[in-house]
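Accompanying notes for the structure given below.
Read-outs throughout are calculated quantities, based only on the coordinates presented, and are distinct from any laboratory measurement. Everything numeric here is computed off the predicted structure, so don't read it as measured data. FYI the Cβ positions are ideal-geometry reconstructions off the backbone, even for glycines, and counts take in every protein chain you see.
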Amino acid sequence: MVLGPAAATSPEGRALLLGGGLDLLVVLGAPVAARARVAAAEDLVSLGTILQEHVDAQLDPEHQATELERARADLQLFAYAASHELQEPLRMVASYTELLCDEFGDQLDPQARRYLDFAHDGARRMQRLLADLLTYSRIQSRGGPLRPVSADAAVDGALEALGAEVRRTHATIARAPLPAVLADERQLVQLFEALLSNAMTFAGAAPPQVRIDCTPPDPAQFAGGGVEIRVTDGGLGFDMRHAERIFDVFQRLHTRDEIDGTGMGLAIARRIVERHGGRISAVGEPGRGATVRFTLPVAGEGP
Amino acid sequence: MKVADILLVEDNPGDVLLVRKGLERARIANRLTVATDGQQALDILFRRGEHADAVVPDLVLLDLNLPGIDGREVLRQIKEHETLRKVPVVVLTSSDAETDILRSYELHANSFIRKPPTLDALQQVLQVLSDYWFVIVKLPEGE
């Protein structure tokens, strides 16, 4: 194809160049100007080729598979680093600030004690955050197959793990019978742990009053289909404007002084529920508490 | 309860001190021997060279990641040895990676414990270990 000098750099000309349909480009015109235009046109052709290769590579399943593998390997490396390499220096800081306080605390100025407490708290918070991050990142990769599991037993397991917190906060937990559901047992316990811990954390000043129930409430109606389980607390609640946001990672609606959470509990809960094919949502009112509800498939016959 | 001979195999001096403190606070009567790498641990256990008079420990606390000969190799050699294999070996390590846990039990570790995040928690773990291995459990007499 032969183009006049103006055409080579016109939109149509550019489109032709990028389309890669040209074998030869001859530009007519004054030598100097033509050379410049040819150079510009050649640049455009190279750019077109590069762009085309890039697009092809992105669409090539093999390339994608390699990229995916690479990303997965990176993620695994990060997860291992988070679980092992990062824990060690943190353990040193948390333990030795504790020791400093225990053995030399009375020799320290109150202001120095305060600095030390901040340092220790920071280290402990980071430890909890890393642990939650790890839990979150392992929900998919370490998830087991879904089997009939007693939701009541999972609540028992969660309450056992949270024993110290329940005692410390003098929480009362009211429970209605729950059905057997199709779930990964370990994750179901984790789910209840996250929600119950959340309920106790956001209790406000009064001892937490938590209720666990479900719809439909009648055991006879459990067979088949799904069940909606609800965890309700009478605590700080939240503004419904934030109803979606609260399930995002690291979201905190309260200051660190009010609440000592890692901001991961609800994100973990959502990830687990979604892995089980369910949905999760929350309703709340500031000062009047909140209810987190989620659906799970009911196990056909008993476990 | 007799004084327990404990061999701690740990290269991080920070962790060594924490175990000493933890045992002290939990009031566990013990003689703690520390090996800071795998080779030293094996020399002590097999009573080689300067360690010819070493006592066979009642319990081994073993970190997995050691310079040179690593903890997994130490574990393997202990559990393959016809007399040393009866010594309880508790892996006490930073990692909780599934591969590490599996490998440890495959090599016949008696238990796998992830190092607790604080001294207070470590003290509680050591208390439980002491109660379990030195009070509740019966270990064979002599060597």
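The figures follow:
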read-out: Overall dimensions of the range A:88-245 as given by Cα atoms, namely Rg and Dmax in Å; value: 19.9, 66
read-out: Residue-averaged [θ]222 nm for the protein assembly as shown, counting only DSSP H segments that reach four residues, each worth -39500 (n - 2.57); value: -15000 deg cm²/dmol
read-out: Packing-based order for A:189-198, A:228-237, using average beta carbon neighbours within 10 Å, highest first; value: A:189-198, A:228-237
read-out: Shape category assigned to the range A:47-99 from the gyration tensor of Cα positions, a/c cut at 1.5; value: prolate
read-out: Rough spin-label spacing in nm, given labels placed 7 Å along Cα→Cβ, for residue A:206 and residue A:119; value: 4.2 nm
read-out: Exceeding the 18 Å Cα-Cα cut-off - candidates B:115/B:138; B:86/B:138; B:2/B:138; value: B:115/B:138
read-out: Relative packing of peptides B:86-92, A:268-274 - highest average C-beta neighbours within 10 Å first; value: A:268-274, B:86-92
read-out: Counted charge near residue A:212, where neighbours are those whose Cβ lies closer than 13 Å (Asp, Glu -1; Lys, Arg +1); value: -2
read-out: Relative packing of peptides A:112-123, A:280-291 - highest average C-beta neighbours within 10 Å first; value: A:280-291, A:112-123
read-out: Karplus-derived HN-Hα couplings along the range B:121-133 (A = 6.51, B = -1.76, C = 1.60, θ = phi - 60°), whole Hz, x at Gly and Pro; value: 5, 4, 4, 5, 5, 5, 4, 5, 4, 5, 4, 5, 6
read-out: Estimated FRET transfer efficiency (residue B:102, residue A:51; beta-carbon r; R0 35 Å; 0.05); value: 0.15
read-out: Local electrostatic count at residue B:131 - Lys and Arg +1, Asp and Glu -1, tallied over other residues with Cβ under 15 Å; value: +3
read-out: Neighbourhood net charge (14 Å Cβ-Cβ; Lys/Arg +1, Asp/Glu -1) for residue A:273; value: +2
read-out: Normalised contact order of the range B:1-119, rounded percent, pairs of Cα under 8 Å and 6 or more residues apart; value: 24 percent
read-out: Calculated FRET value between residue A:73 and residue B:79, using beta carbons and R₀ = 41 Å, to 0.05; value: 0.80
read-out: Overall form of the protein assembly as shown per C-alpha gyration tensor (a/c, 1.5; a/b vs b/c); value: oblate
read-out: FRET efficiency for residue A:152 and residue A:283, using Cβ-Cβ distance with R0 set to 30 Å, rounded to 0.05; value: 0.80
read-out: DSSP bridge orientation in the protein assembly as shown - percent antiparallel, rounded to nearest 5; value: 50 percent
read-out: Tensor-based shape of the range A:138-200 (alpha-carbon gyration tensor, a/c under 1.5 rounded, otherwise prolate or oblate); value: oblate
